[in-house]
Amino acid sequence: MRYGGQPITSKQIEFAARHYTVALLQPEYTDVVARLKEINPAMTVLCYKCLSSTRNYETESPFTSGVSFAEAEKAEAEGQQWFARRLSGERIEWQGYPGHFQMNVWNPEYRRRWVKNICAELENSSFDGVLADNDIYGDYYGINVPIRDARSMDRFHKGLDLLIRDAGKALNARGKIIVPNIAESRMAPGKWKRHSAYGGGFEEVFLGWSATEFLNQTSALAQMKEMMEDFSAVEVATSSGGVEKRPRLTLLRASTDGEDTHPNFMAALAALWVFSGGQWSALSAGSHDGHNGTPWLEELTWDLGAPIGHPQPVKGAWIRELEHGWAAINLTNHESGQISVPKELFAVEGTAPATVVLPPHGGVVYRTEDAGIALA
């Protein structure tokens, strides 16, 4: 994930191409996309675009929003209402993100222009599609409903439903995908399935909001259940006029302090194996708005194979055996009991222990001696 900030070094590009399966990049990084594809043609590279805001500090393309600030102002001068406004008539600038202005995502003209602009920009691009940020659920930016034309956040939800549907269909017809950053899908059953239907979904706060703020076990299980609803393929047009099926992506990001050694990273990987049996597509980790590193665990390379049975609750944790390994995750705020580990398993540092006691929100992943490598 590179949302701007520090320059991307050639060393980071080489590392990413050889270790990652997916990259999420700002639209100006076209040279980086070309280099990633040169090294690893199978890599999926998505272009960052915001669904819900436009930014007044962006005066030249490419823009991080689907509609530029100048374009929105021009539409307003012509009688359109693309900017969201308070009851007083004031435009709504996001709290914590100066220069970001909330848009009326329920306005059909705004949605049409968003889709038109994105399709035109990606038409001859090496990007595989769009990472659509701010598929919001709650009020994260100080919108403070009611506002003009919206008595509740439900107005935003319905507008985003339509925007993602329309953009998804248009992009798929042009050989591209859209992967929304789907906020709090556990609060709206069915949202993940609907919004991931045109390429996949991204859960930016997997299992918790920060390095120290976690979902409780009930909420964590609900979050994961939504992401397990549908793994059906996405039908995308080909250059020859046909249709090909591509796997629906499920992208996860764990919240840490920015260090790879933070236990939340390993816990997220354990949850991936325990609850999805390895079906979720890709995992990363980082601090809040920390999008300039190359997070990595050696265990990410392990292919533990198909699951054997279902996740099992054992002594306050969840465990699952796989063809070539074993994983355990504690989703509670207290230490687990002592859990027996199957024989002849290995950790990065050597032989796995005979038993483990998992700390709150901790996890482990162990492999058999013959486990494969998921990444070359």
From highest to lowest solvent-accessible area (probe 1.4 Å; ligands, DNA and RNA excluded), D128, D31 read D31, D128
Under a 1.4 Å probe, counting only protein heavy atoms, I373 has an accessible area in Å², nearest 10, of 110 Å²
Taking Cα atoms, the helix 217-227 axis meets the longest principal axis of the chain at an angle in degrees (rounded to 10) of 70 degrees
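Mind giving me the FRET efficiency for D370 and V314? R0 is 30 Å, r the Cβ-Cβ distance, nearest 0.05 is fine. Could you put the intermediate results ahead of the total?
On the way: r = 25 Å, r/R0 = 0.83.
Rounded to the nearest 0.05, the efficiency is 0.75.
Mind checking the per residue accessible area of the chain for me, 1.4 Å probe, whole number of Å²? Walk me through the numbers before you get to the answer.
On the way: 16850 Å² over 376 residues.
It amounts to 45 Å² per residue over the chain.
With each run of n ≥ 4 DSSP H residues scored as -39500 (n - 2.57), what mean residue ellipticity at 222 nm is computed for the chain after dividing by its residue count and rounding to the nearest 500 deg cm²/dmol?
Working: 8 runs with 94 residues, N = 376.
Computed mean residue ellipticity for the chain: -7500 deg cm²/dmol.
With respect to the cross-link table entries K49/K158; K11/K158; K11/K191; K11/K116; K49/K225; K158/K225, which display a Cα-Cα separation exceeding 31 Å?
K11/K158; K11/K191; K11/K116, as the Cα separations exceed 31 Å there.
For the chain, give the share of DSSP beta bridges that are antiparallel, in percent and rounded to the nearest 5; count only bridges with both residues there. Present the calculation step by step, with values, prior to reporting the outcome.
On the way: 35 of 63 bridges.
Around 55 percent of the beta bridges assigned by DSSP in the chain are antiparallel ones.
Relative contact order for the chain: what is it in percent, counting Cα pairs under 8 Å that are at least 6 residues apart?
On the way: 770 pairs, mean separation 43.8, N = 376.
Over the chain, the number comes to 12 percent.
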Non-local residues with an amide H under 5 Å from the amide H of G200, with H modelled 1.01 Å from N and Pro and chain starts lacking one, are I178, L249
Phi angles of region 312-324, converted by Karplus (6.51 cos²θ - 1.76 cosθ + 1.60, θ = phi - 60°) into ³J(HN,Hα) in whole Hz with x for Gly and Pro, give 10, x, 9, 6, x, 10, 10, 10, 8, 8, 10, 3, 10
Given a Förster distance of 30 Å, the FRET efficiency implied by the Cβ-Cβ spacing of Q338 and T218, rounded to the nearest 0.05, works out to 0.75
Rounded to the nearest Å, the spacing of the alpha-carbon centers of region 284-340 and region 206-231 is 13 Å
If each part is reduced to its alpha-carbon centroid, region 37-110 and region 1-31 end up apart, in Å, by 23 Å
Site Y3, offset 7 angstrom along Cα→Cβ, radius 11 Å on amide nitrogen, limited to region 61-100, gives 97
Sorted list, accessible surface of protein heavy atoms, 1.4 Å probe, largest first, for S61, S284, S53 is S61, S284, S53
Along region 206-214, Karplus-curve 3J(HN,Hα) (6.51, -1.76, 1.60; θ = phi - 60°) to the nearest Hz, with x for Gly and Pro, reads 5, 6, x, 8, 8, 4, 10, 10, 10
Filtering chymotrypsin sites (Phe, Trp or Tyr not before Pro) in region 1-83 by DSSP loop and by at most 12 other Cβ atoms within 10 Å leaves Y57
With every protein chain in place, the accessible area of T9 for a 1.4 Å probe, in Å² rounded to the nearest 10, comes to 60 Å²
Amide H proximity to F214 below 5 Å, modelled H, separation 5+ or other chain, gives W209
Those GluC sites (Glu not before Pro) from region 320-376 that are DSSP loop and have at most 13 other Cβ neighbours within 10 Å turn out to be E344, E349, E369
Sorted list, accessible surface of protein heavy atoms, 1.4 Å probe, largest first, for Y97, Y141 is Y97, Y141
Phi angles of region 252-257, converted by Karplus (6.51 cos²θ - 1.76 cosθ + 1.60, θ = phi - 60°) into ³J(HN,Hα) in whole Hz with x for Gly and Pro, give 10, 9, 8, 8, 9, 8
In the chain the accessible area split gives carbon plus sulfur, as whole percent at 1.4 Å, a share of 50 percent
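Of all the stretches in the chain, which is the longest one without any exposed loop site, taking trypsin sites (Lys or Arg not before Pro) in a DSSP loop (any state but H, G, I, E, B) with at most 11 other Cβ atoms within 10 Å?
Details: sites that count: R151, K343.
It works out to 152-342.
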So the angle from the long Cα axis of helix 263-276 to the longest Cα principal axis of the chain, reported in degrees to the nearest 10, equals 90 degrees
Rounded to the nearest 10, the angle in degrees between the Cα long axis of helix 10-19 and the longest principal axis of the Cα atoms of the chain comes to 60 degrees
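The values are calculated or read from the model by the stated rules, or taken from the named source; none is laboratory data. What you are looking at is a predicted structure, and each value in this text was computed from that prediction instead of being measured. Positions of Cβ are generated from backbone atoms using ideal geometry, with glycine treated the same way; all protein chains shown enter the neighbour counts. What goes into the accessible areas is simple: the full protein's heavy atoms, side chains included, and nothing from ligands, DNA or RNA. Shrake-Rupley method; radii C 1.70, N 1.55, O 1.52, S 1.80 Å.
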